[in-house]
Amino acid sequence: MKKGIIAGIALLGAVAMAATGCSGGSSAASGGSKGDGVVTVGFAQTGSESGWRSANTESMKDAFSAKNGFKLIFNAADNKPENQIAAVRNFINQGVDAIVIAPVVTTGWDDVLKEAKDANIPVILEDRTIDGSSDLYKAWIGDDFKKEGETAGTWAKQTLGDKATNMVVLEGTTGSAPAIDRATGFDDAIKGSQIKKLDSQTGNFTRADGKTVMEGFLQKYGKSINLLFAQNDDMGLGALDAIKAAGLTPGKDIQIVTIDATHDGLQAAANGEFNYVVECNPLLGPTVAKTVKDVLAGKDVEKKQTAVDQSFTPEQAKTALPDRKY
Ligand code: AHR
């Protein structure tokens, strides 16, 4: 198993983070603005598209629990940017103490984040990044998507790059930070290899769309496909059904590399159906909750807090599975 720069999971399940830069905190008291000691937080989640997302939602709900001094107002936007912006506006109108956003897409945030700033409500981004001024949020806590793509691409180049290889790609949600950054990282890593991209289409990070899009690829390119890069486990798992239905053996006829390393993804690797899996740690809740409390207490917080990820061969997946937390 490849070790990250900063190792270890802190006590209480907080994910290990590498952090850079500092940001001043808000002047609000850490006990919440209503004087009852409870901190009210609005969390605008993307939706429920994947196993990764379920684990992330659970981690956030656990961390922002009543026993930890929070009242969490949760919204899942069904991966629709307009729903998510409306949810954030609703949080502002309710006068929450802080807002946490896992942005569906990178664009379109300036107006609503300015409104939050004008209302003196601090915003913390979790999981995904946005385009636009970093003055509009206090901190970002998440995974390095470009590095994940690079790790997947490096494996592909080392494994298949010296022979003619036809690749298809299942992309995540169009316009989302992970879809953009993983593609960039992967494409950079395979430069100079003999891997040729036949096609690349969105499967929206879901199993159902991963299956449908892979069926289309198989109809169009048949047995000439040697490699699938699925930008998350769920799309790769959906594609397995399509590959088997076409009479091909996943992991052999078509080599598969995916990102997330959920329990189901690692199980597919252990079964020999995925050849390599790159981790994207969803257990961000404890770090986000601590950052919210620090910001509200007026403390300086690290502006960019990056989780440390690993990657797994099938053998390493077998070893990791019994203790996998998501
Ligand atoms: O933003 C992280 C990505 O979003 C995960 O890789 C994917 O599974 C999720 O839906």
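Across segment 264-286, the qualifying residues are those that are assigned to a loop (DSSP other than H, G, I, E, B) and within 16 Å of the ligand (Cβ to nearest atom), and the one among them that is surrounded by the fewest Cβ atoms within 10 Å (Cβ to Cβ) is 283. Residues that are of a type outside the set (Asp, Glu) and assigned to a strand (DSSP E or B) were ranked within segment 292-316; the one that is surrounded by the fewest Cβ atoms within 10 Å (Cβ to Cβ) is 303. Being of a type in the set (Lys, Arg) and within 16 Å of the ligand (Cβ to nearest atom) is the filter; apply it to segment 101-151 and report the residue that is farthest from residue 42 (Cα to Cα). Ranking the candidates gives 147 first. Note on segment 152-178: residues that are of a type in the set (S, T, N, Q) and either assigned by TED's automatic domain parsing to the domain that holds residue 53 or within 16 Å of the ligand (Cβ to nearest atom) (or both) amount to 3.
On the basis of being among the small types (Gly, Ala, Ser) and either in contact with a Cys (Cβ under 6 Å, 6 or more places away or on another chain) or on the phi > 0 side of the Ramachandran plot (or both), does residue 132 make the cut?
Criteria met by residue 132.
Only a single item in (1) not in a strand (DSSP E or B); (2) not basic (Lys, Arg); (3) not assigned by TED's automatic domain parsing to the domain that holds residue 127 is not met by residue 289, and it is number (3). Of everything in segment 230-247, what is surrounded by fewer than 17 Cβ atoms within 10 Å (Cβ to Cβ) and either part of a loop (DSSP other than H, G, I, E, B) or modelled with pLDDT under 95 (or both)? Give them in sequence order. Matches in segment 230-247: 247 only.
Within segment 249-256, can one find any residue that is outside the structural domain of residue 45 (by TED's automatic domain parsing) and within 16 Å of the ligand (Cβ to nearest atom)? Within segment 249-256, one or more residues are outside the structural domain of residue 45 (by TED's automatic domain parsing) and within 16 Å of the ligand (Cβ to nearest atom).
Annotation note: of 97, 78, 62, the sole residue that is surrounded by 24 or more Cβ atoms within 10 Å (Cβ to Cβ) and modelled with pLDDT of 95 or more is 97. For segment 179-233, the set of residues classified as under 19 Å from the mean Cα position of the chain (by Cα) and either outside the structural domain of residue 151 (by TED's automatic domain parsing) or among the basic types (Lys, Arg) (or both) consists of 182, 207, listed by residue number. Which ones in segment 215-229 are surrounded by 23 or more Cβ atoms within 10 Å (Cβ to Cβ) and more than 14 Å from residue 258 (Cα to Cα)? Selection gives 217, 225.
The values are calculated or read from the model by the stated rules, or taken from the named source; none is laboratory data. It should be emphasised that the depicted structure is a prediction, and the values quoted were computed from it without experimental measurement. Positions of Cβ are generated from backbone atoms using ideal geometry, with glycine treated the same way; all protein chains shown enter the neighbour counts.
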